[in-house]
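The values are calculated or read from the model by the stated rules, or taken from the named source; none is laboratory data. This structure is a prediction, so every number in the text was calculated from the model and none was measured. A quick note on method: Cβ atoms are made from the backbone with ideal geometry, for glycine too, and the neighbour counts reach across all protein chains shown.
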Amino acid sequence: MARISIDDDVRRNDAIEKASGLARYASDYFFPDMLYARMLRSKAPRGKIRKIQTPVLPYGYYFISAKDIPENGRNALHMISEDWRCFADGDVRYVGETIGLFVGPERSVLESLERNTYVEIEEEEPAISIDDAINVKGGPILEKDDVFCQLYCQKGRDMDEVFGEADKIIEETFETGFQEHVHLETNGAVITKEGEKYVLYISCQCPFYVRKSISIVIGAKDEDIVVRQSTTGGAFGGKEHFPDVLAGPLLVAEYVIGKPIKLIFDRREDMLYSVKRHPSKIWYKSAIKDGKLTGVKGKIYYNAGAYLSSSYVVLQRGVFHANGVYDIPSTYLEGFGMATNTFPSCAFRGFGAPQTLFAIEMHLTHIARRIGVDPVEFKRSMFLKKGSETVTNGHIVENVVLGSMLDDIATASDYWRKSREYGYGSGRGIGMSFYNHGGAFTGNGEQAIIKAHARLKKTGERVTIEVGSTEMGQGFQTTLRKIAAAVLEIPMENVDYPNPDTSVVPDSGPTAASRSTMIVGRLIERCAVEMKERWGEGDFSVEKEYEHPDGHPWDQSTFRGDAYLGYGWGACCVELEVDKRTNEVKVVGIWSSHDIGKAIDEKIVHGQINGGIIQSLGYASMEKMENKNGHFRQESMSDYVIPTSMDFPKQEYFLEDNPYEWGPFGAKGMGELVFNGADAAYVDALERALGVETFKIPLPSEDIEEALRKNGR
Amino acid sequence: MDAEIRFTLNGKSVIFIGNPLRRLVDVLREDFGMLGVKEGCGEGECGACSVIKDGKLVTSCIIPVGSVDGSEIMTIEGLREKEEGKCLIDAFADGGAVQCGFCIPGMVLASYVLLRSNPHPTEDEIRLAISGNICRCTGYDLIVESIMLAAKRGEELWTK
Ligand code: FES
Ligand code: FES
């Protein structure tokens, strides 16, 4: 077995096991005497619960609800704060809110119990859309209005002056829709007891989040609960906080019943009753003077749904990315997280950044067209550089190489020629977009909130990685093993990294925010450096705590300073053709370039780029999730269509080598970055092909007709 | 009413006694322990539950066990023991086709059916052959390339 170097081509450690069908996902766990659970959920978006009448329960069946929470427990899941209830009690706030859990041996019996339960709800008028929430439809959801959270940030001069001097002012409003994660493995968990401890096998991104979130429900100590991550079949943010919503009720059931209990959502439940990407409404007003953009004012609304969960943080990221990759002299950006009676919105790859990045890209594209310059030239003239001031009055600390990234994809795609030759409305179009993604937690969150730990343990010649970070398909187990093995100069096969168990590993913070490689990877790199020096000492462990790099001032109360430790950067180009009779769109080329510092493993990165871009193109084109009166209308994979192998062509990609000082081997985060921009490139190309301006995504074929009509075509 | 269903599962004769309307996916997973058969949608849309029935790829979530009486069924548990299965699994691993893995057993089975009938497929033919198998992670490119790799490496395996 050979020692490994970081640039070697390796096999993922989990590939054979998964491809052979040997990997164990949550639904693959079985225990003797195991019971099943099924949720009873609210069918109304808002109202008072007047009565819950279950059928007579057969022997061995249970109905668990808020009344089963012990006295020293609290009916709350502690996500970022304690806001989301474990069980609805007294009232319901969205369709799908958990009212109770039926538990028993036969799934068909549970189904019929659920179907035959009568829940009387005195319905109230719900607020569903962002506009409903702005208008406080049905009366305030919160104390006085429907605003969960808000913030603003300001850069440069007084906006009235800037607009006063402008020779052109352009105002536009963009909207983006819900997006469902459709991780191919639905949400699921199994709970059991080992001695006095409650043990959860759960499909999740953040085992420590689950533990903290649910322990309060039964008034247990964190250590009384052991969370073991089961192999996770995709997550994309959908398993960041949402697993708590399964785990909380399961824990109460386990507390009462004491037998192994399994709860697996079927696809319909996962579609209708799980978190989604925040829909948004984004208004920009821009000042142009002498052909230059001098100022942008923005109002950003995100539909948070009925509970806050992670929405404030999502909104912050949305606002901090609201000027894209551009240095605009004066900006004033406000963000509002709106409470509504829809299923709560939560994390989804990009975490608030995709919405504003889409909107600013399209806005600048429209401005460029109206002042008669090529959008790509217009944008290039404003690219952020090292030292540029950000919208939060911080500074870009790294070398930004967007210019050469643009050149790479422009050459590969033959952009300049095509951009000139394909006429506006000709049925053919090519579009380009630029984007970034701030790595890791906002501001000083890594230091102030998370304080990640990571540990390496040496046993003979073998080394075990002990971290709370999870593999969910993104390749982190391989990435981290490669980092450790390369530093230690040992074969990768000698490094183990089992799925985390909260009773064994230290808390490395959530597997989210594109922080794993940059933060946890760096910690493991530091552990390995020390272990290498002490290699001869026999068996021992090295544990490290996160250290914040100097020189990143941040004030979380005013949102001023360096919002992120560094950014990943991206550029994407999409070419397409539209059949003018049917409005069918055929994408014929996809090119991208990304700067992620350094790729720890190029094949893994390649897979992330491909997957992220296709998800983004799905978001822009076909993935339409509507909500009517609080009910999602798409309930299956035939209603909510995600891309198949036939929908998009093979991609061409470029990677910049631009090592980042604080990342392991120079690497930065990238899992979310690759989602952040293909949508805007697609819509840019589509607008050129159709010869119209559009203002919302998704834009499936049936909605293109409407866009054409609005433009009088 | 219970029925007696006899079929071949990965080369062995088996008998199922029970409700013939139970979904094949449940019987395979829960009665025969074939946990490599995954349920992604339960409505024939995603291909995660794919198995091979008498040489054809079928989605086991929408067929009742009663309909496989007398059939030959192969799941990933059977395919992984065959040379062709090993070749495909290795190619998927080397080609970077596997991310979360939930779609992959079904993809491997779909690839097997393709290469058996078409040992030298073009990119378009591969894309068509796996179009009933949804993958949310990979964007498909590396799956397609891995199947190409298996076709190349396996050569005589696929033409024999
Ligand atoms: S689970 Fe059978 S096709 Fe999706
Ligand atoms: S690898 Fe995750 S769904 Fe295909």
- Which of the residues that make up region B:121-160 are outside any helix (DSSP H, G or I) and away from ligand 1 (no atom under 16 Å from the Cβ)? B:P121, B:T122, B:T138, B:G139, B:Y140, B:E155, B:K160
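Condition check ((1) surrounded by fewer than 20 Cβ atoms within 10 Å (Cβ to Cβ); (2) among the charged types (D, E, K, R)) across all residues:
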| residue | (1), (2) |
| --- | --- |
| A:G237 | no, no |
| A:V245 | no, no |
| A:P249 | no, no |
| A:G258 | yes, no |
| A:I264 | no, no |
| A:Y273 | no, no |
| A:K276 | no, yes |
| A:P279 | no, no |
| A:S286 | no, no |
- Note on the structure: Residues in region A:481-499 that are more than 13 Å from A:A454 (Cβ to Cβ) and outside any helix (DSSP H, G or I) total 7
- Answer yes if at least one residue in region B:71-91 is within 14 Å of ligand 1 (Cβ to nearest atom), more than 23 Å from A:G473 (Cβ to Cβ) and not in a helix (DSSP H, G or I), and no otherwise. no
- Message: Looking at region B:100-120 only, could you name the residues that are more than 16 Å from ligand 1 (Cβ to nearest atom) and of a type outside the set (A, V, I, L, M)?
- Response: B:S111, B:Y112, B:R116, B:S117, B:N118, B:P119, B:H120
- Message: If a residue must be within 11 Å of chain A (Cβ to nearest Cβ), free of Cβ contacts under 8 Å to residues at least 60 places away in the same chain and more than 6 Å from ligand 1 (Cβ to nearest atom), how many such residues does region B:29-45 contain?
- Response: 6
- Among (1) away from every other protein chain (no Cβ under 14 Å); (2) under 30 Å from A:E661 (Cα atoms); (3) of a type in the set (S, T, Y); (4) more than 20 Å from the chain's Cα centre (by Cα) - the single one A:S592 does not satisfy: (1)
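So, in region A:227-239, of the ones that are closer than 17 Å to A:M79 by Cβ and in a loop (DSSP other than H, G, I, E, B), which residue ends up farthest from the other protein chains (Cβ to nearest Cβ)?
A:G237
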- Would you pick out the residues in region A:184-212 that are within 16 Å of ligand 1 (Cβ to nearest atom) and of a type in the set (D, E)? A:E185
- Message: What's the number of the only condition in (1) away from chain B (no Cβ under 14 Å); (2) over 30 Å from A:V683 (Cα atoms); (3) not in a loop (DSSP other than H, G, I, E, B) that A:I409 fails to meet?
- Response: (2)
- Message: Given the condition part of a loop (DSSP other than H, G, I, E, B) and either more than 30 Å from B:C41 (Cα to Cα) or within 20 Å of the chain's Cα centre (by Cα) (or both), answer yes or no: does some residue in region A:604-621 qualify?
- Response: no
- Restricting attention to region A:54-62, does a residue exist that is of a type in the set (A, V, I, L, M) and buried (at least 18 other Cβ atoms within 10 Å of the Cβ)? no
- Query: With (1) of a type outside the set (D, E); (2) outside any helix (DSSP H, G or I); (3) free of Cβ contacts under 8 Å to residues at least 12 places away in the same chain as the list, and A:G96 as the residue in question, which single condition is left unmet?
  - Reply: (3)
- Options B:A48, B:A97; residue that is of a type in the set (A, V, I, L, M, F, W, C) and either more than 9 Å from chain A (Cβ to nearest Cβ) or away from ligand 1 (no atom under 13 Å from the Cβ) (or both): B:A97
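If you check A:N436 against the conditions, is it closer than 30 Å to A:E577 by Cβ and of a type in the set (S, T, N, Q)?
Taking the combined requirement at face value, the residue satisfies it.
Does A:E656 satisfy the condition of being away from chain B (no Cβ under 11 Å) and more than 25 Å from the chain's Cα centre (by Cα)?
no
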- Which condition number does A:N444 fail, the rest of (1) modelled with pLDDT of 95 or more; (2) crowded, with 16+ Cβ neighbours inside 10 Å being met? (1)
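Yes/no matrix, rows are residues, columns are (1) among the charged types (D, E, K, R); (2) away from ligand 2 (no atom under 16 Å from the Cβ); (3) under 30 Å from B:L21 (Cβ atoms):
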| site | (1), (2), (3) |
| --- | --- |
| B:V65 | no, yes, yes |
| B:E72 | yes, yes, yes |
| B:R127 | yes, no, no |
| B:T159 | no, yes, no |
- Query: Does A:L617 satisfy the condition of being closer than 24 Å to A:N323 by Cα, within 14 Å of chain B (Cβ to nearest Cβ) and surrounded by 19 or more Cβ atoms within 10 Å (Cβ to Cβ)?
  - Reply: yes
- Query: Any chance region B:105-120 includes a residue that's at the interface with chain A (Cβ under 10 Å from one of its Cβ atoms), in a helix (DSSP H, G or I), buried (at least 23 other Cβ atoms within 10 Å of the Cβ) and more than 13 Å from the chain's Cα centre (by Cα)?
  - Reply: no
- Task: With respect to B:S60, determine if the residue is more than 12 Å from every other protein chain (Cβ to nearest Cβ), among the hydroxyl-bearing types (S, T, Y) and either crowded, with 24+ Cβ neighbours inside 10 Å or more than 14 Å from ligand 1 (Cβ to nearest atom) (or both).
- Result: yes
- Task: Check off (1) touching a Lys or Arg at 6+ places or on another chain (Cβ under 6 Å); (2) farther than 26 Å from A:T644 by Cα; (3) within 12 Å of chain A (Cβ to nearest Cβ) for B:V65 and give me the number that stays unchecked.
- Result: (3)
- Item | Residues located in region B:97-153, provided they are β-branched (V, I, T), under 13 Å from B:I52 (Cβ atoms) and without any contact (Cβ under 8 Å) to a residue 40 or more places away in the chain | B:V108
- With B:I134, B:I147 as the choices, which residue is β-branched (V, I, T) and closer than 27 Å to A:G237 by Cα? B:I134
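Only residues that are within 20 Å of A:S330 (Cα to Cα) and of a type in the set (V, I, T): list them for region A:146-164, please.
A:V162
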- Query: In region A:109-141, what count of residues is obtained for those that are in the same structural domain as A:K51 (by TED's automatic domain parsing) and in a helix (DSSP H, G or I)?
  - Reply: 7
- Message: Which residue is nearest to the other protein chains (Cβ to nearest Cβ), if the candidates are limited to region A:180-226 and must be polar (S, T, N, Q) and surrounded by 24 or more Cβ atoms within 10 Å (Cβ to Cβ)?
- Response: A:T186
- Of (1) farther than 25 Å from B:D124 by Cα; (2) in contact (Cβ under 8 Å) with a residue 24 or more places away in the chain; (3) more than 14 Å from chain B (Cβ to nearest Cβ); (4) outside any strand (DSSP E or B), A:W569 satisfies every one except (4)
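Yes/no per residue for (1) crowded, with 24+ Cβ neighbours inside 10 Å; (2) assigned by TED's automatic domain parsing to the domain that holds A:D158; (3) closer than 28 Å to A:M271 by Cβ:
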{"position": "A:Y312", "(1), (2), (3)": "no, yes, yes"}
{"position": "A:F320", "(1), (2), (3)": "yes, yes, no"}
{"position": "A:Y326", "(1), (2), (3)": "no, yes, no"}
{"position": "A:Y332", "(1), (2), (3)": "no, yes, no"}
{"position": "A:N341", "(1), (2), (3)": "yes, yes, yes"}
{"position": "A:G350", "(1), (2), (3)": "yes, yes, yes"}
